[in-house]
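Working notes, structure below.
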Amino acid sequence: MSDLIYGAPLWLAGTNFWAIQSASSSKECILVDVPPDPQAILAFLRERSLKVVAIIATHGHIDHIGGVPSIVEAPENLSASHHQTIGVHLHEADHDMIMDPIGSSGALGAELATSGLSTRPPELLYDICDGEVIKGAGMAFTALHTPGHTRGSTCFKLALADLDPLLFSGDHLFAGSIGRTDLPGGSYEELMNSMASKIIPLPDNTIVLPGHGEATTVGRERATNPYLAELKS
């Protein structure tokens, strides 16, 4: 796809973290979702001498945000006065999950509790509004609030030179499937409404980079995803 985009499945749920490197400022990057395997992420960043300028979370489930505290608290990400420098962007409806990742996560929370990882909320936590543009490292991510998997689930569009448009879909849309809706805050009706209004209208060549599994495209999912069949016009 591009040397500027790196993704890998991490932790128990095989959750994809995404690092998007700036073409205009080659040592800066933005992270989309941070599973509770921060050492693997920090090793990747240090190997490439990358500086994280922002973290964007597609939603608040622990497998997507559990590594955030360790990243923002890493020595290289603190100011001279030991304050965090990385802003974390998450829809307000899911802020309770990052404020209390163990208590809001059931059995997975118990796994995090025994991991020894930090669970302190980030100092710089920002809300995301539908249509908001999050800028950093010479890039601009456009938020599409897509409730259904959680109340705050949000997908992010990104345009990069010489690439088809990108969509970071979190657990909203997968290759051949959709996110589960049976957890607290989930709603199948809301997820499908979000899909119809926000995702289906995107161009066919939009590359979908999901929270789990392999990349796909909006066109492929519109044509083959059984869950999207009912949305065809």
Would you pick out the residues in the stretch 91-107 that are touching a helix residue (DSSP H, G or I) at 6+ places or on another chain (Cβ under 6 Å) and of a type in the set (Gly, Ala, Ser)? SER104, SER105
One residue from GLY60, GLY116, GLY103, GLY87 being of a type outside the set (S, T, N, Q) and in contact with a strand residue (DSSP E or B) (Cβ under 9 Å, 6 or more places away or on another chain): GLY87
Could you tell me which residue of the stretch 116-130 is nearest to ALA140 (Cα to Cα), considering only residues that are free of Cβ contacts under 8 Å to residues at least 40 places away in the same chain and of a type in the set (D, E, K, R)? ASP130
Can you tell me which residues in the stretch 179-199 are in contact with a strand residue (DSSP E or B) (Cβ under 9 Å, 6 or more places away or on another chain) and over 18 Å from HIS91 (Cβ atoms)? TYR188, MET192
Any idea which residue in the stretch 6-18 is nearest to GLY136 (Cα to Cα), counting only those that are crowded, with 20+ Cβ neighbours inside 10 Å and of a type outside the set (Val, Ile, Thr)? TRP18
Counted residues in the stretch 88-142 being aliphatic (A, V, I, L, M) and part of a strand (DSSP E or B) come to 6
Mind counting the residues in the stretch 217-233 that are in contact with a helix residue (DSSP H, G or I) (Cβ under 9 Å, 6 or more places away or on another chain) and crowded, with 16+ Cβ neighbours inside 10 Å? 5
Filter the stretch 182-209 down to the residues that are at pLDDT 95 or above and of a type in the set (D, E, K, R), then identify the one that is farthest from THR142 (Cα to Cα). GLU189
Among the residues listed as GLU111, GLU47, the single one being crowded, with 16+ Cβ neighbours inside 10 Å and either farther than 23 Å from SER153 by Cβ or at pLDDT below 95 (or both): GLU111
Within the stretch 65-98, take every residue that is surrounded by fewer than 22 Cβ atoms within 10 Å (Cβ to Cβ) and in contact with a Leu (Cβ under 8 Å, 6 or more places away or on another chain) and give me the one that is farthest from ASP130 (Cα to Cα). ALA74
Going through VAL88, VAL72 one at a time, which residue ends up being closer than 22 Å to SER153 by Cα and in contact with a helix residue (DSSP H, G or I) (Cβ under 9 Å, 6 or more places away or on another chain)? VAL88
Filter the stretch 1-52 down to the residues that are assigned to a strand (DSSP E or B), more than 18 Å from ILE86 (Cα to Cα) and touching a Cys at 6+ places or on another chain (Cβ under 9 Å) and list them by number. TYR6
Please count how many residues of the stretch 123-152 are in contact with an Asp or Glu (Cβ under 6 Å, 6 or more places away or on another chain) and at pLDDT 95 or above. 8
Considering only the stretch 142-194, how many residues are over 18 Å from GLU230 (Cβ atoms), of a type in the set (Ser, Thr, Tyr), surrounded by 22 or more Cβ atoms within 10 Å (Cβ to Cβ) and out of contact with any helix residue (DSSP H, G or I) (no Cβ under 8 Å at 6 or more places or on another chain)? 1
Out of ILE55, ILE71, report the one residue that is within 12 Å of VAL88 (Cβ to Cβ) and in a strand (DSSP E or B). ILE55
Filtered residue count, the stretch 186-228, keeping only those that are more than 18 Å from the chain's Cα centre (by Cα) and assigned to a helix (DSSP H, G or I): 16
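The values are calculated or read from the model by the stated rules, or taken from the named source; none is laboratory data. The shown structure was predicted, so the numbers you read here are calculated from the model rather than taken from an experiment. Positions of Cβ are backbone-derived with ideal geometry, glycine not excepted, and every protein chain shown enters the neighbour counts.
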